[in-house]
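Just so it is clear, none of the values below were taken in a lab; they were calculated from the coordinates. A quick note: this is a predicted structure, and the numbers were derived from the prediction, not measured. So basically every Cβ, Gly included, is an ideal-geometry build from the backbone, and we count neighbours across all protein chains shown.
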Amino acid sequence: MTFPSPLSQPRPGAGAPIIAAAPSPAPLPVPSRRGRSASVWVIALIVLVLIGLVGYFLTALGPVASLVGMILALIPLAGAVVAVRIIDRWEPEPRSLLVLAVAWGAIVAVGIALAVDLAIAVVFGPVDTAARDVFSSVIQAPLVEEFAKGLGVFVIFATARRAFDGPVDGIVYGALVGAGFAFTENIQYFAISLIEGGVADVSATFFVRGIMSPFAHVMFTSVTGFALGLAARRGASVRGAIGPWIAGMLGAAVLHALWNGSAVLGEFFVLYLSLQVPLFAVFVIGVVALRREEARLTKARLGEYADAGWFTAQEVDMLATGPGRRAALAWARTLPGGRTDAMAGFIADATALASARQRGRTGRDPRSGEDEAVLLARTVAARKALFSAPR
């Protein structure tokens, strides 16, 4: 054998055998997004209304006042979103639907309310009387605004029913629609206060709306969401949910009217302490109770899989209780390389599995069996990744 240069290998060698590459693991299946995402026509509607709304604010309030109002309005919006995310932590909803809920409230619901105000002004003309102000605040605004916001919650229920499992989901969607509406409404209030009274007025307005009552609209529209969530838990169809939806909107309108009435008919701070604060406390207690019910259902549905051998009883306790989840995540952090993400995925998929099982039991989701098969495969893979970790 000849070599290309004196520095070449003096004699050929076979070399060590090359081990055959292991086949790549099959990608984990993913549950279908059908029935869990926003419809294109809803997104198109939001974009269309947004263009008109931006034009209205820039024309009526000006760019500087609108920008200042938006910056201030972001503060209570952030607080509301954080609070809702805490509520939604047990079984998080799809992010696209959470964004849709905020966008509907901030854009479409505000657009509907402004259009009704404009129509009334065109039909009846400008009427500046005390009686008209009371009617607008206590009757017109609660009915129109709660319908506009409640329509968004119903749209989510009708187009993404597989992600609308019960009262907690309804409260989450309703609260975010309300938070979005309050955000845009606050922009207008803060901007007008800045234009008419400068820093002093906008500071007072921010204190009342941004500090004392950042959750007012959140709480109102949550009533509509709760009613629709209860209908979903009972397996109601879209048509069958219309009655609960209307009842929920009326309940929201009553709370809204009480709030507005306390501002225009009585001593605001007295009614705030005697009425609004207790209502908010009841709301928080109700959410905590509903979260416990979600945990109970998760444990019951996963218990059925445990009976069939998919989980151990200890795993069910770990996946379906708050202390169990916290202990599991703490244990995962002690594993070499860190397995927190794998454990979080295991918990999320198991919780989604329980929800799919619940939807199947109510008979409202004919495709729940497909989701169960996908989520079982994911939980099995997650368990294998966790418990086969090197120690």
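Report the calculated FRET efficiency for residue 246 and residue 304 (r = Cβ-Cβ distance, R0 = 41 Å), to the nearest 0.05. Once the sixth-power term is evaluated, E becomes 0.70. Rounded to the nearest 20, the size of the Cβ-charge dipole of the chain about its Cα centre is 1760 debye, with Lys and Arg at +1 and Asp and Glu at -1.
Computing FRET efficiency as 1/(1 + (r/R0)^6) for residue 270 and residue 326, where r is the C-beta to C-beta distance and R0 is 41 Å, gives about 0.45.
Rounded to two decimals, the Cα-based Rg/Rh of segment 233-284, with Kirkwood Rh, is 1.17.
When the alpha carbon gyration tensor of segment 188-292 is reduced to an equivalent ellipsoid, the three semi-axes, largest first, read 32, 16, 13 Å. Residue-wise HN-Hα couplings along segment 209-218, as the Karplus relation 6.51 cos²θ - 1.76 cosθ + 1.60 with θ = phi - 60° gives them from phi, are 8, x, 9, 7, 9, x, 9, 4, 5, 4 Hz; Gly and Pro carry x. In this simple spin-label model, placing a label point 7 Å from the Cα along the Cα-to-Cβ direction at both residue 82 and residue 134 gives a separation of 4.0 nm. Measuring nothing but how far apart in sequence close Cα pairs (under 8 Å, 6+ apart) lie, relative to its length, segment 17-128 scores a relative contact order of 47 percent. In summary, the convex hull built on the alpha carbon positions of the chain has an orientation-averaged projected area of 30.9 nm².
Per the Kirkwood treatment, what hydrodynamic radius in Å, one decimal, follows for segment 40-266 from the mean inverse distance over all distinct Cα pairs? Final number for the Kirkwood radius of segment 40-266 is 17.8 Å. On full extension, the segment bounded by residue 289 and residue 377 gains 28.5 nm, given 0.36 nm per residue less the C-alpha separation. Rg of the Cα atoms in segment 215-353, relative to 2.2 N^0.38 Å, amounts to 1.44. Label positions at residue 239 and residue 385, each projected 7 Å from the Cα along the C-beta direction, are separated by 4.4 nm. By other beta-carbon atoms within 10 Å, ranking 307, 371 with the fewest at the front produces 307, 371.
Entry note, the chain: the mean residue ellipticity at 222 nm calculated from DSSP H runs of n ≥ 4, each adding -39500 (n - 2.57), is -24000 deg cm²/dmol after division by the residues and rounding to the nearest 500. Across the chain, the mean sequence separation of Cα contacts (distance under 8 Å, 6 or more residues apart), normalised by length, yields a relative contact order of 19 percent.
Here the spin labels are modelled as points 7 Å beyond Cα on the Cα-Cβ line, and at residue 95 and residue 74 they lie 1.8 nm apart.
Multiplying the residue separation of residue 117 and residue 34 by 0.36 nm and subtracting their alpha-carbon distance yields 26.2 nm. Remark: relative contact order (segment 40-266) = 30 percent; criterion is Cα-Cα distance under 8 angstrom and separation of 6 or more residues.
Two numbers describe the Cα atoms of segment 298-387: Rg and Dmax, which are 13.1, 43 Å.
Qualifying trypsin sites (Lys or Arg not before Pro) in segment 41-130, where qualification requires a DSSP coil assignment and no more than 12 other C-beta atoms within 10 Å, comprise 89.
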